[in-house]
Structure formats: structure tokens, C-alpha cells
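The values are calculated or read from the model by the stated rules, or taken from the named source; none is laboratory data. What you are looking at is a predicted structure, and each value in this text was computed from that prediction instead of being measured. Here the Cβ positions follow ideal geometry from the backbone for every residue, glycine too, while neighbour counts run over all protein chains shown. Only protein heavy atoms, including side chains, enter the accessible area calculation; ligands, DNA and RNA are left aside. Shrake-Rupley method; radii C 1.70, N 1.55, O 1.52, S 1.80 Å.
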Protein chains: 2
Amino acid sequence: MRFHIVFAHPEAASLNAFLRDRALSALRAAGHEFTQSDLYTMGFKAVADGADCPDDNADPLIYHAATRRAHALDKLSADILAEQAKLLAADVIVLQFPLWWFGMPAIIKGWADRVFCSGFAIGVPHIHKRAWRRYGEGPLEGKLAMLAVTTGAKSAHLSDRGEHGPIADLLFPINHGLLHYAGATVVEPFLIHGASSLSGLEADRFAATYCERLLDIDAATVIPYRSENGGAYRRGVLVEDTAAGSGFALHIGEPVRSADEEQL
Amino acid sequence: MRFHIVFAHPEAASLNAFLRDRALSALRAAGHEFTQSDLYTMGFKAVADGADCPDDNADPLIYHAATRRAHALDKLSADILAEQAKLLAADVIVLQFPLWWFGMPAIIKGWADRVFCSGFAIGVPHIHKRAWRRYGEGPLEGKLAMLAVTTGAKSAHLSDRGEHGPIADLLFPINHGLLHYAGATVVEPFLIHGASSLSGLEADRFAATYCERLLDIDAATVIPYRSENGGAYRRGVLVEDTAAGSGFALHIGEPVRSADEEQL
């Protein structure tokens, strides 16, 4: 198995860096291949702009259209091409970051904004019908994806009735809106709450759990998000006899026990 | 009234820039004061790192702690101090951006990551009790805040049963998690869906509506998010007799008709 970890934390001495180091050691020891994008260390450009399609001279710039043309011509900026290649080469994609303002830090949000560009992950026509390849189909099809997220907040505050809102819903725009959108099979996230007050022993235990989660990723619990073209939606809206209720959970279908089964 | 618009779009010829220009003209014509942070034009630094507290020599850097110290000493980097000052001077704060991957573009996410730092918006102790000043209290208390967001997706796809999830829930991490957290009174967002395919006439009509929303902001519908210290929560979790059901909507209390009434 080939893993790709996208890592976004500014501090080399952080809990996140410790977890990442332990994870990479475990993957190496188990004989897995892996790549890493350590966005801070790379000085990854977070802001989408005209430099992302350097040979496109359209004036005025329309970013969406210009990056779409550049993608088609293989002329996106080198850093975007490299990130797309790492994603395509991986079997398992992990996004690891601390939760900042209930979302991704800007450097990894910008990684998503730039790398998941038009033509690569957006607006890819389906082959057989007048539809898009997205939500279950797309460039990450057949790959597993997992978030590894630390939060300063306690787990009670991110529970169903916690004041920040449920962590599953806070992560929905990433799990569903980015990873499932691009076709990945998304598994339950690896979460550490109250991350700023862990003891060394607790950090060590969490690192061991993180390593187990990665090494046993085939057995991870899949979040069974519905497919764009699987019958649950008509013209992008849930058909009437699919699911009652409200909220993001409507977009989760019948449980699949593990990544293993999903891939069958 | 004094408005502050934080604007995040890379293209000077965009619908967003057109809307912003019309809005600023309308505010000027009506005799309102305003400031603007046009983040792309400013080349605003999106990525939180040690340069945000240039006089702090702690090694290893712990960003949260270092920015907290720098805030206390008024030694945050000049761009952060300037943004905080503009927020504090405003009566109305507008964040205007296109929805990218169901959230803020990285440049404005980074604005939030850096400007709403520890000591300014996070970890501010309440005066009278062992509690935090947040969710209804904090640096933006007494101010109105509104999102102005364009989406490429159609409104049906962002409706209650739309495939992307309800737009109100997708914006919850910003409306509730950032603006309400920092104490602002948050009003319903100004939204334009299907923004990439508008005619000139439609754009013109939306611009007029945007101007009306801003000029009449006192009458805007408030999203009545619950207060941290208002009795609905105990130790950060909703008390049992407060609200049934699930999802982000649990954190919305009794309706308040308009910003006018909320301020009474």
C-alpha cells in the first residue's frame, strides 16, 4: 500500500509533528511506501491566483477557467502538478492538521483550493451520461481517505449537544465536500480532543493508536456517503423516498462495515 | 454607522468585485463611513507562523502561546494589529467571498486564523465568573456581522435536501464558530447561487439587493445563536431541557426579528 500524508502544522515540536513522525516510522517499519507533503516545511503557496497557470495570458483572469485550461494542457504550476501526482499515486490519503476555527488551517485549505482545481476534481464530465464525475467518482476513486485532526476543545464540547457543534458535522465540508466529492472512499477520522493539555504518556498512546489506524486502514469504518450517480439524487437533490430528517446526515447511506467491503 | 468589509476574490473583473464596488458606492452615497480589507490586493499573508509575533524568541515556537503573549504586549505583526483595529472600530462587519470547497478561500481563512488570535478572540476570561468571553461575548460584542457569499452551485443543490448540504449548515463554522464566537450579532447571509452564470441584468439586480441589505442592516434578521453564558449550556453542553433534535440548529434559540431588537 502506498500512503500520502498531507501535513499542516507550523511547529516542529508540536504534538502533530510527533504523531506524524511516529506514523511515518510505523509505515516504514511495516514495509509500506509513502510520500508526505509537509506544507509548512515546503513553504506551500496557500493563495490561489494567476501564478497557478503561469502560461495563461487571459486578461482579465478568470481563475476557474484559466486553471481548467492549464490542467488540460498539463501547464499548471509545478507545485500543483506535483501534489496531484502524489494524490494519484497513493492508495491511502491522509490529511493531518489541527482544527483552527472549526476548519482547516489556511495553508491546507489553500492546498485544497489550488490542487483540487477545475478539470482535475471539478467539472469532470461523466463518460456515459449528462452528469458530473463527483461524489463517489472522480480522480480519487478507489482510494481511501482519512482525516487526522487534533482539537484544542474537549470532546464533550464537540459532541452532539456540545457548544461547538458535532465534530462529524464540522468535518462534513472536508470529508464529504472535498474527499468524497473527488471520489475517495472516506473512513472515520482519527481524532484527538483536548490536544493542548495531553501528558507525554497520553501523546504516546495516541501515537500508537494513530499508527494502528493507518496500518489497519483496510478495516476502518467507511462513512457511507451517497453517490452522485447512484440513484439517491435526482438533479442533485435527494429523491423523496431516500432518507427523512434533516442535516448533513441525510447524505450518509447504509452502513458499510469496513474499507475492505466497500472495495469489493 | 461604520462598516468594515473584508473582501477575498482574486479577480478585479469578477462578480464579487462588481458587488463590492457597488456596495462601497452605496455606503458612500448614504454618508456611512467604511473601511475595506481587500485581501488579494493587500497581498495579505494567509499563513499563520512565527512572523506573526516577530519579537517573541521562544524556541520551540508554540503559536497559540506566542501570539497570546504578543497580543498582551501589543507586539503582534503590524498587519494583524491593523486588522484588529479595523474590526474594533466598525459597527458592521461584512465578510465577502466566493464559497470554495464549501468554505472560505484560504486567504480569508488565514485572515481569520491570524487576526482572531489567542488573547484577542480566544481564551479571554469572563470578568465575573470562571468562564470564557465567547459565543455572544468577546471583542466583536455590540457589532453586527454578515456574510456575503457567492456560490457556483445552484440553490437547489445547497437546499435542505441538496447534495452539497444546506448552505446554512455549511456556513455554521463561520457564522457561529468565528463571528458569534467573537461576540458579534450575526445576521442572515447575503447569498448569490449559480454565480458563474448570471446575466448582466441579474448581476445588477443582485448588486442593488446587496446595497439594500447593507443600508438596511439594522432591520436584518438576526440568527439567534445561543450565548455561552446565557443559561442554555452547562460546562459547554446544552442543558437537557434546552432544545431537542440534533445538528447545528440546536444552537439557535428563540427568533429575534431584527438587529434593531437584538440591540435593545
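For chain B, rounded, prolate or oblate, judged on the Cα gyration tensor with a ≥ b ≥ c (square roots of eigenvalues), a/c < 1.5 rounded, else prolate if a/b > b/c?
On the way: a/c = 1.56, a/b = 1.15, b/c = 1.36.
Here chain B falls in the oblate category.
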Revision key, fill the gap. Averaged over residues of B:190-198, the number of beta carbons from other chains lying within 10 Å of each residue's Cβ is 0
Point to revise | For A:ALA219, inter-copy label distances in nm, listed shortest first [label point 7 Å out on the Cα-Cβ vector] | key: 6.3
Review point. Under a GNM of chain A (C-alpha, springs under 10 Å), which listed residue has the highest mean-square fluctuation: A:THR242, A:THR67, A:THR151?
Key: A:THR242
Practice item. Note the distances from A:LYS75 to each other copy's matching label point, with points 7 Å along the Cα-to-beta-carbon direction, in nm, sorted shortest first. Key: 4.9
Practice item. Treat each spin label as a single point 7 Å out from the Cα along the C-beta direction, and report the A:ALA29 to A:HIS128 distance in nm. Key: 4.5
**Study point:** Pairs of Lys in chain A closer than 30 Å at Cα, counting only those 8 or more apart or on different chains
**Key:** 14
Check your understanding: For chain B, with only Lys/Arg (+1) and Asp/Glu (-1) charged at the beta-carbon, what is the dipole magnitude about the Cα centre, in debye rounded to 20?
Key -> 340
**Study point:** Protein accessible area in segment B:74-123, 1.4 Å probe - carbon and sulfur %
**Key:** 62
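Excluding ligands, DNA and RNA, what is the solvent-accessible area per residue of chain B at a probe of 1.4 Å, expressed in Å²? Kindly include the intermediate steps, with their values, before the conclusion.
Details: 10990 Å² over 264 residues.
Per residue, chain B has an accessible area of 42 Å².
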Point to revise | Most mobile of A:LEU61, A:LEU140, A:LEU170 in a GNM of chain A (Cα contacts under 10 Å) | key: A:LEU61
Exercise for review: Considering the options A:GLY123, A:ALA78, A:VAL149, tell which one lies farthest towards the positive end of the dipole of segment A:78-164, charges being +1 on Lys and Arg and -1 on Asp and Glu at the Cβ, about the Cα centre.
Suggested key: A:GLY123
Practice item. Could you tell me which GluC sites (Glu not before Pro) in segment A:94-167 are loop residues by DSSP with no more than 15 other beta carbons within 10 angstrom of their beta carbon? Key: A:GLU141
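Need one word for segment B:34-136: rounded, prolate or oblate. Basis is the Cα gyration tensor (sqrt eigenvalues a ≥ b ≥ c); a/c below 1.5 gives rounded, then a/b vs b/c decides. If you can, show how the numbers build up before the last one.
On the way: a/c = 1.65, a/b = 1.21, b/c = 1.37.
Note, shape of segment B:34-136 comes out oblate.
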Revision key, fill the gap. One decimal, nm, nearest first: from A:ASN57 to the same residue in each other copy, label points 7 Å out along Cα→Cβ, the values are 5.2
Practice item. Multiply the residue separation of B:GLU188 and B:ALA219 by 0.36 nm, subtract the distance between their alpha-carbon atoms, and state the gained length in nm to one decimal. Key: 10.1 nm
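Between A and B, buried accessible area summed over both sides at probe 1.4 Å, in Å² to the nearest 100? Working shown, then result.
Working: alone 13270 and 13260 Å², together 22000 Å².
That pair of chains buries around 4500 Å² in total.
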Exercise for review: State whether the protein assembly as shown is rounded, prolate or oblate according to the following rule on the C-alpha gyration tensor (a ≥ b ≥ c being the square roots of its eigenvalues): a/c under 1.5 gives rounded; otherwise a/b larger than b/c gives prolate, and the remaining case gives oblate.
Suggested key: rounded
Check your understanding: Pulled fully out, how much extra length does the chain show between B:ASP241 and B:MET42, if you take 0.36 nm times their separation in residues and subtract their Cα-Cα distance?
Key -> 66.8 nm
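In segment A:180-264, which chymotrypsin sites (Phe, Trp or Tyr not before Pro) are in a loop and have at most 11 other Cβ atoms within 10 Å, using DSSP for the loop call?
Values: sites: A:TYR181, A:PHE190, A:PHE206, A:TYR210, A:TYR225, A:TYR233, A:PHE248; in loops: A:TYR181.
Taking segment A:180-264 and a limit of 11 other Cβ atoms within 10 Å, no loop chymotrypsin sites (Phe, Trp or Tyr not before Pro) are found.
How many Cβ atoms of partner chains, on average, are near each residue of B:237-250 if near means within 10 Å of its Cβ?
Details: counts 8, 5, 1, 1, 0, 1, 1, 0, 4, 8, 9, 7, 3, 6.
That average works out to 4.
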Check your understanding: If you look at just the Cα atoms of segment B:166-229, how large are its Rg and its Dmax in Å?
Key -> 14.1, 47
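Just add up the charged neighbours of A:GLY247: K/R +1, D/E -1, any other residue whose Cβ is under 10 Å from the Cβ of A:GLY247. Walk me through the intermediate numbers first.
Numbers: positive: none; negative: A:ASP169, B:ASP160, B:ASP169.
Local net charge: -3.
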Review point. So how much slack lies between A:ASP55 and A:ALA12, counting 0.36 nm per residue of separation and subtracting their Cα-Cα distance, in nm?
Key: 11.9 nm
Practice item. Quote the FRET efficiency, to the nearest 0.05, computed for A:ASP204 versus A:ALA85 with a Förster distance R0 of 30 Å and r equal to the Cβ-Cβ distance. Key: 0.30
Point to revise | Reduction of at least 50 Å² in accessible surface, 1.4 Å probe, comparing all protein chains with the chain by itself, residues of segment B:34-64 | key: B:VAL47
Revision key, fill the gap. One finds the C-alpha centres of segment A:70-129 and segment B:191-264 to be spaced, in Å, by 32
Check your understanding: Once every DSSP H run of n ≥ 4 in chain B is given -39500 (n - 2.57) and the sum is divided by its residues, what mean residue ellipticity at 222 nm do you get, rounded to the nearest 500 deg cm²/dmol?
Key -> -8000 deg cm²/dmol
Study note, to complete from the structure: Averaged over residues of B:106-117, the number of beta carbons from other chains lying within 10 Å of each residue's Cβ is 5
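Where Lys and Arg each count +1 and Asp and Glu each count -1, what net charge lies around A:VAL237 among other residues with Cβ under 11 Å from its Cβ? Could you put the intermediate results ahead of the total?
Values: positive: A:ARG234, A:ARG235, B:LYS154, B:ARG161; negative: A:GLU240, B:ASP160, B:GLU163.
For residues surrounding A:VAL237, the net value is +1.
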Exercise for review: Compare B:ALA48, B:ALA182, B:ALA72 in a GNM of chain B, Cα atoms joined below 10 Å, and give the one with the largest fluctuation.
Suggested key: B:ALA72
